[in-house]
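Here's the structure, in C-alpha cells; my notes come after.
The values are calculated or read from the model by the stated rules, or taken from the named source; none is laboratory data. What you see is a predicted model; the values in this text were computed from it and never measured. Here Cβ is always computed from backbone atoms with ideal geometry, including for glycine, and neighbour counts include all displayed protein chains. Calculation scope for accessible area: heavy atoms of the full protein, side chains included, ligands and nucleic acids excluded. Shrake-Rupley method; radii C 1.70, N 1.55, O 1.52, S 1.80 Å.
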Amino acid sequence: MGAGEVLEGRLPEGNPARLRGWIHRKFVVGGKIFVRLRDSTGVLQCVIDRSRVGDEVYGAFEEAKRESSIVVEGTVHREPRAPGGWELRVTRGHVVWPSEDFPIRGKEGVEFLLDNRHLWLRSTRMRDILKIKHTVLGALREYYLERGWWEVTPPILTGSAVEGGATLFKVDYFGEPAYLSQSAQLYLEVLIYSLERVWAITPSFRAEKSRTRRHLSEYTHFEVEAAWMNMEDMMRVVEETVEHVVSRVLEDRRRELENLGRDTSALERVKRPFPRLTYTEAVERLRSKGVAMEWGEDFGADEEAALTRDFDRPFFVTLFPKQIKAFYMKEYEQDPRLVKGFDLLAPEGYGEIVGGSEREDSYEKLLARIREEGLDPKDYYWYLDLRRYGSVPHSGYGLGVERLVMWIAGLDHIRDATPFPRFRERLRP
RNA sequence: GCCGGGGUAGCUCAGCGGGUAGAGCGCCGGGCUGUUAACCCGGUGGUCGGAGGUUCGAGCCCUCCCCCCGGCGCCA
C-alpha cells in the first residue's frame with residue numbers, strides 16, 4: 001500500500017490502510033497535526049488528532065521533524081481540503097527514526113543542491129525524473145528484446161583509445177596505462193560476428209572540461225550494432241526505437257511528465273518517418289537563413305540550434321564530410337568526400353541524441369583511414385582482423401541515455417537526468 | 001582552455017561617495033479547532049571565498065589565488 005494508490009482512489013471511503021514513509025511537510029494547528037507522508041508512490045496527507053491517537057502518539061509526531069521515517073495506520077477518506085482529495089485519518093502510528101533539521105526546503109541554489117544530492121534525490125522532482133529514466137531504459141531494452149537482438153557486456157577498462165579524438169580518463173591497470181571506455185562500439189563490432197545483432201548499455205567516460213548543459217563526464221551509453229545492415233536500415237531502427245521509447249513514456253509516465261511541466265503535445269508528435277536531410281542540404285538551409293558556414297565544417301551550437309528550430313520532431317542529418325567524422329565510418333560510394341554517417345537531432349533546441357554510421361568493411365580502406373588519422377594500426381590489430389576474416393557490411397549507433405531523458409522530460413540541464421552527475425569539479429557525492 | 005556573471009547568517013539575497021553588517025526563510029520559545037512552501041508575537045544567528053596591499057579606517061578600492069554559475073569549443 002502506497003500513498004499514490006490512496007490518491008488514485010483505489011481504496012474505498014473508510015477503508016483501513018497502513019503506510020510507511022517519510023514526513024514531507026508538517027503543520028500543527030489546534031489539536032491536529034497534518035503530516036504529509038511521502039513514499040515512492042506519492043505524498044498523502046495524514047491527520048493526527050489527539051483525541052483519536054492519545055497523548056503519546058500525538059507527542060511523538062509533534063516532536064518529529066521533516067524527513068523523519070514513520071509508520072501510520074488509519075482509514076482513508078475523501079477530503080476536499082486535503083491535497084489530492086484524499087487523506088488518512090490516523091488511529092495508530094509511530095516514528096521509526098527521527099530526522100535532524102533537514103537542510104533542503106526548496107529555494108536552494110544549484111551548488112547547494114549538488115553538494116546535498118544524496119538528500120535532494122528524495123524530492124518529488126528527482127523521483128519523477130528517476131522514474132522516467134527507468135521507463136526509458138526499459139523501453140529501449142524492450143524494443144530489441146522483442147525483435148531477437150542480443151544484449152552483451154563490453155569492457156569498461158580498455159587498453160587504447162577508441163575514437164582517438166575525445167579525451168580519455170587514464171587509470172593505472174597493474175602498472176600499465178589503461179583508459180575508461182568512451183564507447184563500446186568497436187567491441188560490439190567484434191560481437192556481431194558471433195551474434196549478428198547486439199546491444200549494450202554501459203557507462204561511457206569523457207574527460208573533456210566541458211561547461212555546457214548537455215555534457216557529463218560519465219554518461220549512460222546505449223549502443224547497437226548489426227551485421228548485414230546498411231545506413232538506411234540502421235536509421236529505420238533508430239527511428240522505430242525513439243518512437244517506441246517516447247510512446248512508452250507517454251503511456252506509463254504521463255503523470256511524472258505533467259508534474260515536471262513537460263508539454264506532452266510535443267512528444268505526441270514524435271511519429272515516423274522522421275525528416276532527413278544530408279549534411280550538404282543542412283549547410284545550404286543554414287546559409288539561406290543567413291548563418292555563415294563553410295562546407296566541411298562541423299555544426300556548432302548555434303548551427304545546431306538553428307536547425308532544430310525548423311522541425312517539430314527528431315530529424316536526421318546524413319552523409320558528412322569525411323574529415324569531421326571518425327575513421328571507422330564507411331566511405332559513401334557515390335562521393336568519396338563523404339561518409340555514411342548519421343546524427344539524430346532532437347527538436348526544441350535539444351540537439352544531438354544519436355550518432356551512428358555504416359562501418360568501413362574494407363581492410364585496405366580502414367587501414368588507410370587509421371593511418372590518415374595518425375593512429376597506430378598496432379593498437380587496432382583486433383579491430384582490423386575483423387576485416388580479414390569474412391568481413392561483413394554492418395552498421396550501428398550510439399545513444400546518450402541522459403540526453404534522451406533530458407529531452408523527453410523537458411529538463412533544462414543534463415545533470416538532473418542522472419542521480420549522481422559527474423562533470424568537471426563534481427565527484428561527490 | 002576561452003568569454004561573461006558571482007562568492008555576505010544554516011538557505012536565498014540586500015548593503016556601497018570606503019566609517020568594523022541587514023531582510024526573508026530556517027532554527028528555538030509562545031500563540032492559533034483543518035493546515036496547504038500556513039499565519040501572528042518574541043528570540044537566536046556572520047573570521048562578508050582565501051592571502052597580500054592602499055587607507056586613520058576595507059564586505060566595498062588594487063594584486064594574486066580558490067570555488068560556483070551561464071556560454072563557446074568537443075561530443076552522446
Checklist outcome for this item: Amide H neighbours of A:THR91 at under 5 Å, excluding residues fewer than 5 places away on the same chain, with H built from the backbone geometry, are A:GLU73, A:GLY74, A:THR75
Checklist outcome for this item: In chain A, taking the dipole from +1 charges on Lys and Arg beta carbons and -1 charges on Asp and Glu beta carbons about the Cα centre, the listed residue (A:LEU384, A:TYR219, A:TYR187) farthest towards the positive end is A:TYR219
Next on the checklist: Straight-line reach only, C-alpha to C-alpha below 17 angstrom: list the lysines that A:LYS330 could link to, leaving out same-chain residues fewer than 8 apart.
Outcome noted: A:LYS322, A:LYS340, A:LYS365
Next on the checklist: Which residues does the label zone of A:HIS413 cover in region A:196-233, counting backbone N under 18 Å from a point 7 Å along Cα→Cβ?
Outcome noted: A:209-219
Checklist entry - With the other protein chains left in place, how much accessible area per residue, in square angstrom, belongs to region A:117-417 at a 1.4 angstrom probe? => result 44
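Loop only per DSSP, at most 14 neighbouring Cβ atoms within 10 Å: give me the trypsin sites (Lys or Arg not before Pro) in region A:198-306, ordered by residue number.
Passing sites in region A:198-306 are A:LYS209, A:ARG211, A:ARG213, A:ARG269, A:LYS271, A:LYS289.
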Checklist entry - So how tilted is helix A:124-146 from the main axis of chain A? Cα-based, degrees 0 to 90, rounded to 10. => result 50
Checklist outcome for this item: Quick shape check on region A:303-424: root eigenvalues a ≥ b ≥ c of the Cα gyration tensor, a/c under 1.5 is rounded, otherwise prolate if a/b tops b/c, else oblate, and it reads prolate
Item to check | Filtered chymotrypsin sites (Phe, Trp or Tyr not before Pro), region A:382-417: DSSP coil and at most 10 other beta carbons within 10 Å | outcome: A:TYR389
Checklist outcome for this item: With Cα coordinates, the longest principal axis of chain A makes an angle with the long axis of helix A:279-288, in degrees rounded to 10, of 70
Checklist entry - Where nothing but the Cβ of Lys and Arg (+1) and of Asp and Glu (-1) is charged, how large is the charge dipole of chain A around its Cα centre, in debye to the nearest 20? => result 1540
Item to check | Whole-Å distance, taken between Cα centres, linking region A:241-262 and region A:172-196 | outcome: 33
Checklist outcome for this item: Once the dipole of region A:117-417 is set up from charges on Cβ (+1 Lys and Arg, -1 Asp and Glu), the residue from the list A:VAL291, A:GLN334, A:GLY349 lying farthest towards its positive end is A:GLY349
Checklist outcome for this item: Under the 7 Å Cα-to-Cβ spin-label approximation, A:GLU364 and A:ARG428 lie apart by a distance in nanometres of 5.8
Checklist entry - Taking the simple approach of a point 7 Å from Cα along Cα-to-Cβ for both A:LEU375 and A:ARG285, what is their distance in nm? => result 3.0
Checklist outcome for this item: For A:ALA207, other-chain or 5+-apart residues with amide H closer than 5 Å (H placed, Pro excluded) are A:THR167, A:LEU168, A:PHE169
Checklist entry - Considering only DSSP states other than H, G, I, E and B, which GluC sites (Glu not before Pro) in region A:76-112 qualify as loop sites with at most 13 other Cβ atoms within 10 Å? => result A:GLU100
Checklist entry - A:LYS26: which lysines have alpha carbons under 27 Å from its alpha carbon, excluding same-chain residues fewer than 8 sequence positions away? => result A:LYS65, A:LYS107, A:LYS131
Checklist outcome for this item: For region A:3-97, dividing by residue count, accessible area per residue (probe 1.4 Å) in Å² works out to 51
Next on the checklist: Could you work out how much longer the chain between A:ASP310 and A:THR91 gets when fully extended? Use 0.36 nm per residue separation minus the Cα distance between them, nm to one decimal.
Outcome noted: 73.0 nm
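Would you mind classifying region A:77-141 by shape? Square roots of the alpha carbon gyration tensor eigenvalues, ordered a ≥ b ≥ c; an a/c under 1.5 is rounded, otherwise it is prolate if a/b is larger than b/c and oblate if not.
Working: a/c = 2.02, a/b = 1.25, b/c = 1.61.
Cα axes put region A:77-141 in the oblate bin.
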Item to check | Per-selection Kirkwood Rh - chain A (Cα, Å, 1 d.p.) | outcome: 24.5
Checklist outcome for this item: Looking only at aspartates and glutamates whose Cα falls under 12 Å of A:LYS32's and that sit 8 or more positions away or on another chain, we get A:ASP49, A:ASP55, A:GLU62
Item to check | Scattering profile of region A:327-390 at q = 0.14, 0.15, 0.20, 0.27 Å⁻¹ [log10 I(q)/I(0), Debye over alpha-carbon scatterers] | outcome: -0.51, -0.56, -0.83, -1.13
Next on the checklist: Based on alpha-carbon centroids, what's the gap between region A:7-28 and region A:361-429 in Å, whole number please?
Outcome noted: 47
Next on the checklist: If a paramagnetic tag sat 7 Å from the Cα of A:PHE174 along the Cα-Cβ line, which residues of region A:379-393 would have the backbone N under 17 Å from that point?
Outcome noted: none
Item to check | chain A, accessible surface, carbon-and-sulfur percent (1.4 angstrom probe) | outcome: 48
Next on the checklist: Sequence gap at least 6, Cα distance under 8 Å: using those rules, report the relative contact order of chain A to the nearest whole percent.
Outcome noted: 13
Checklist entry - If you wrap a convex hull around the Cα atoms of region A:1-89, how much volume per residue is inside, in Å³? => result 82
Checklist entry - According to the square roots a ≥ b ≥ c of the eigenvalues of the Cα gyration tensor, what is the shape class of region A:220-314, taking rounded for a/c under 1.5, prolate for a/b larger than b/c otherwise, and oblate for the remainder? => result oblate
